[in-house]
1. Angle between the Cα long axis of helix 133-142 and the longest principal axis of the chain, 0 to 90 degrees, nearest 10?
2. Restricting to Cα pairs below 8 Å that are 6+ residues apart, what does the relative contact order work out to for the chain? Please round to a whole percent.
3. Among Ser113, Ser303, which comes first, then next, by fewest other beta-carbon atoms within 10 Å?
4. Suppose we flag GluC sites (Glu not before Pro) only when DSSP calls them loop and at most 14 other Cβ atoms lie within 10 Å. Which is the longest uninterrupted stretch of the chain?
5. Return the equivalent ellipsoid semi-axes of region 109-189 as a descending list in whole Å, where each equals the square root of 5 times an eigenvalue of the C-alpha gyration tensor.
6. Give me, ordered by chain and number, the residues 5 or more places off Ile96 or on other chains with an amide H under 5 Å from its own placed amide H.
7. For the chain, divide the Cα radius of gyration by the Kirkwood radius and give the resulting Rg/Rh value with two decimals.
8. Pull up the cross-link candidates among the aspartates and glutamates for Lys45, meaning alpha carbon to alpha carbon under 19 Å and not fewer than 8 places away within one chain.
Amino acid sequence: MAGDGVFRIGTRGSPLALWQARTVRAALIAAHGLPEEAVEIVVIKTSGDMIQDRALSQAGGKGLFTKEIDAALLDGGVDLAVHSAKDMPTLFPDGIVIAGYLPREDVRDAFISTRARTLMELPQGAVVGSASLRRQALIRRLRPDIRTTLLRGNVETRLRKIAEGEFDATLLALAGLKRLGMADRVASVLDLDAFPPAVGQGAIAVTARDGDARTRAALQAIAHAETGIALAAERAFLTVLDGSCRTPIAGHAVVEGGVVRFRGLVLRADGSESFEAAREGAPEDAARLGGEAGRDILARAPSDILAH
Ligand SMILES: NCc1[nH]cc(CCC(=O)O)c1CC(=O)O
């Protein structure tokens, strides 16, 4: 859209979002030998940024972080947008496509606490703050005695509340902490098997207008194919199960030696039950494999777990 040859990148304004947008900007400049002024960052406030007092699952779900940015893309105010893949809705409006993903960061969750080194070592009845239904359910599956309460806000706010003793512990994505240079706050890293990540965790997605060949071609040069394959499996899984954004869901795919391996999990909110499915196959079948895993769980899980 930009007749001036400039690429405008839309992003939220949180420190993590800005880090992600700057990383995409630097990658574009490096890949195409662009001058600094050829890629601009445009900060866009989203509805999700204004809700701090309740879980987002209670406020309308994930489109909250993308709606205003999608509108800016569609009206040409920006040419591409950068998102944490974890916070994206399963569907974008007509006319917007995911043009690629950056190479994925570590997908695991990190344990942060002033009281213990690991989740299992927390004292009986400890209070863990988290806004994530998945983390709450996985915690209670491992430690039914632990109380989980709502803890929202950006990464810095959450770390401050732990330091001030408002909660005994919290869990955050290791990816975000690394990007913000705060990995030194991590007490321990959770095991992938016991604590599978959210769909998209650690991945950064770039969206563009479907018909904008110039921007899409430019993004092709920085897109990481294996991350795209993994995300195709994970997002297909989520799409099948997305009946309710109040269901704790985990999903993770890896591409190794030309094979994609996916594992997905649906939990009851209190962690008392969980349903798992795994598939592996050719990378070009990634979306089909993720979707099959989702339907497998749909066929087995009690309907009240997945109900609205
Ligand atoms: N929901 C907020 C959010 N979205 C992406 C990340 C971390 C970075 C990532 O997963 O790429 C976080 C914070 C967190 O869960 O700790």
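Nothing in this text is a laboratory measurement; each read-out follows from the coordinates by a stated rule. From a predicted model like this one, the values you see are computed outputs, not experimental measurements. Glycine gets a Cβ as well: all are built from the backbone with ideal geometry, and neighbour counts include every protein chain shown.
1. With both axes taken from Cα atoms, the answer is about 30 degrees.
2. Numbers: 641 pairs, mean separation 61.2, N = 308.
Over the chain, the number comes to 20 percent.
3. Details: Ser113 22, Ser303 8.
Ordered from fewest to most neighbouring Cβ atoms within 10 Å, Ser113, Ser303 come out as Ser303, Ser113.
4. On the way: sites that count: Glu164, Glu166, Glu273.
By the stated rule (loop sites, at most 14 other Cβ atoms within 10 Å), 1-163.
5. On the way: eigenvalues 68, 31, 30 Å².
Working from the Cα gyration tensor, I get semi-axes of 18, 13, 12 Å.
6. Sorted by chain and number, the residues that satisfy this are Asp210.
7. Numbers: Rg = 19.3 Å, Rh = 20.0 Å.
Rg divided by Rh gives 0.97.
8. Those aspartates and glutamates meeting the cut-off are Asp53, Glu68, Asp70, Asp75, Asp79, Asp87, Glu156.
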